[in-house]
Amino acid sequence: MPESNHIEELFAAALALPREERSAFLHEACAGREVVRAEVQDLLDHAESQDGFLEGSPLGALQAPAAELDAGTMLGRFRILEHVGRGGMGDVYKANDTRLGRVVALKICRERFTERFEREARAIASLSHPHICTLYDVGANYLVMEFIEGRPLQGPLRVETALQYAIQAADALWAAHRQGVVHRDFKPGNVMVAKSGVKLVDFGLAKTVEAAKQEAGEAITQAHQMPGTLRYMAPEQLESKQADARSDLFAFGLVLHEAITGTPVFAGSSQAGLISAILRDEPPPLVSPHGQVPAALERVVRKCLAKDPEERWQTAADLRDELRWIAQSQPEPSSAATMAPARKSRRRWVGNGLAAAALVALGFAWRQWPAGIDLAPSIPVVVLMDTPAPPGVYDPETRLRAGTNADDLNDALRSLPVSLHKETVGATWNREDQVANQQPSLILVHRSVFVHALVYEFKTEAGSAAHKGQWPDPDADVAFYGRLSRIGRDRLEGMLGYFAAASGRTRFIVYAREWSEGSRAKWSDALVQRFPGLRGRVEVFEVQPVDGVASFRKDVNVARMREVVSQALARR
């Protein structure tokens, strides 16, 4: 990542924090990079010296020109490169930020933004995710955004390609929803396909959950008054009810269906006809011109498109994880055109001494297929379970991007010949049956996963520091948080016992930081006494600190975990 982009992301993340938490955040996020820290602090000091978020922007208010601005025109520190689009709100230009030396998208709107927009902009600017277009700055009537070289999502796509884009988009929506931001205008035109994957753009209609609640119930009498794009609205939006994260998931289903089939889900000869179709009609079958669509994928899309929000996927994280399962279970191409190259490639791979030795060490079994069909390895499934609660995310960079330890574990184990699946756990997570039904060979789980999820997401009485989205101070109520901690540990141990009973072959690795050998042994013994079926199947793992940071991005922990995983799979 260019250093200038990283500075802007750190600035946005720090600006979204309470003032008293910024110093500690920068100390950890900029460890060993004093130049970066100084630049971010300078930006923060500048922002603090202004009267307001909008008034402190470097250009003030810009007059939206009736004609396109010529290339080379200077607006403050921005040099116009070219006009790239015009919409109902104003014009979008490709511009060069001469201060930071990067290309940006500069959107100049025809009216000054309101105080309400300022509050929304603060929330949106705090989003940091590789598949969300970054909002760098907000002026009195302009936005400075990441410039994306790409094209809008357009079908029909092959199923495997559509799944890849859908997983990235769902992960981006989850990052926004976790920050309390609802997009409200998720559509193909706002899903840009770039070299690095998809990017969600245009959060111009996005709302925080609180703002959406205030807006719900306002009279909507004409289609042009509705916030969003009519064809991709959820039923509750059309009925002027509150739009929440599940409204985005309805639109997600529409976009994924269209990406695979190449045609919109609902149609009408008029706006009234289209509204009627969205409210009453069932979606057509999910049929791809490129081949068969997995039945599991059609079920996922239909659940997105349920008319009642309570019957949809309740979180983008659950939707993303289900899509990952489907993507990982897709068979290799079997056509005559692809079989021969696949056999040739596999012969070379198996012929390699190191790869063959790795397969033997991991205890892989080869299935015998009918004559004429190539042999394929039986690949164990490794489930990586963790929560995005900030105190439980070990690596500062991963935490900054709203990631989890499971993301880092996925990178660390990616080269092993296994199928990896990530489960993002929350306080209300209840996917034990879905995981157990896959009969995974190995489950890696953070010892405090449910403790962090409970404390981070638990809502207490108004006025308490422990509201959702802010990590509370356990010292404020030792008894209360001690009880939550015991509940979380009990939930983890009960889950391990359940998985052990569901499959006699599943093994487990439970990891934590600062977990002494004596404490690990004591916990392991107590666990086996409670659930005898876990005897000999649980490996405990302490993540070692390197330069003061215990992280699965550190080479020593990557090597140790790869060794432990390999040994566990070899014993299955």
* **Matching residues, region 528-555, being in a helix (DSSP H, G or I) and either modelled with pLDDT under 90 or exposed (fewer than 12 other Cβ atoms within 10 Å of the Cβ) (or both)** => Gln529, Pro532, Asp555
* Among residues of region 160-197, those that are surrounded by fewer than 19 Cβ atoms within 10 Å (Cβ to Cβ) and touching a helix residue (DSSP H, G or I) at 6+ places or on another chain (Cβ under 6 Å), counted -> 2
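Being surrounded by fewer than 16 Cβ atoms within 10 Å (Cβ to Cβ), on the phi < 0 side of the Ramachandran plot and either touching an Asp or Glu at 6+ places or on another chain (Cβ under 9 Å) or outside any helix (DSSP H, G or I) (or both) is the filter here; which residues of region 504-518 pass it?
Of all residues in region 504-518, those surrounded by fewer than 16 Cβ atoms within 10 Å (Cβ to Cβ) come to 504-505, 514, 516-518.
From the residues that got through so far, the ones that are on the phi < 0 side of the Ramachandran plot too are 504-505, 516-518.
Selection gives Gly504, Arg505, Ser516, Glu517.
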* Structure fact -> Listed by first then second residue, the pairs whose first member lies in region 274-293 and is within 21 Å of Ala234 (Cβ to Cβ), whose partner is exposed (fewer than 15 other Cβ atoms within 10 Å of the Cβ), with beta carbons under 9 Å and at least 6 positions apart or on separate chains, are Leu274/Ala223; Leu274/Ala267; Ile275/Ala223; Ala277/Ala267; Leu279/Glu239; Pro284/Thr263
* Asked: Quick one: is Lys459 basic (Lys, Arg), modelled with pLDDT under 80 and more than 22 Å from Ala14 (Cα to Cα)?
  -> yes
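Tell me, please, whether a residue that is closer than 15 Å to Arg184 by Cα and assigned by TED's automatic domain parsing to the domain that holds Arg178 can be found in region 275-290. Walk me through it before giving the result.
Start the filter on region 275-290 by keeping residues that are closer than 15 Å to Arg184 by Cα, which leaves none.
Scanning region 275-290, I find no residue that is closer than 15 Å to Arg184 by Cα and assigned by TED's automatic domain parsing to the domain that holds Arg178, so the answer is no.
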* Structure fact -> Counted residues in region 310-329 being crowded, with 18+ Cβ neighbours inside 10 Å and more than 21 Å from the chain's Cα centre (by Cα) come to 0
* Only one residue in Asp70, Asp42 is closer than 19 Å to Gly139 by Cα and at pLDDT 60 or above. Which one? -> Asp42
* Which of the following residues is surrounded by 21 or more Cβ atoms within 10 Å (Cβ to Cβ), over 30 Å from Ala24 (Cβ atoms) and touching a residue at least 12 places away in the same chain (Cβ under 8 Å): Ser441, Ser419? -> Ser441
* How many residues are touching a Phe, Trp or Tyr at 6+ places or on another chain (Cβ under 8 Å) and closer than 25 Å to Gly32 by Cα if we restrict to region 543-572? -> 6
* **Meets criteria (in contact with a Lys or Arg (Cβ under 6 Å, 6 or more places away or on another chain) and surrounded by fewer than 23 Cβ atoms within 10 Å (Cβ to Cβ)) for Pro390** => yes
* Structure fact -> Okay, helices (runs of 4 or more DSSP H) sitting entirely in region 256-335 with 2 or more residues that are of a type outside the set (Ser, Thr, Tyr) and closer than 20 Å to Gly155 by Cα, I get 295-304, 316-328
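The values are calculated or read from the model by the stated rules, or taken from the named source; none is laboratory data. Predicted model, so just to flag it, every value in this text is computed and none were measured. Positions of Cβ are backbone-derived with ideal geometry, glycine not excepted, and every protein chain shown enters the neighbour counts.
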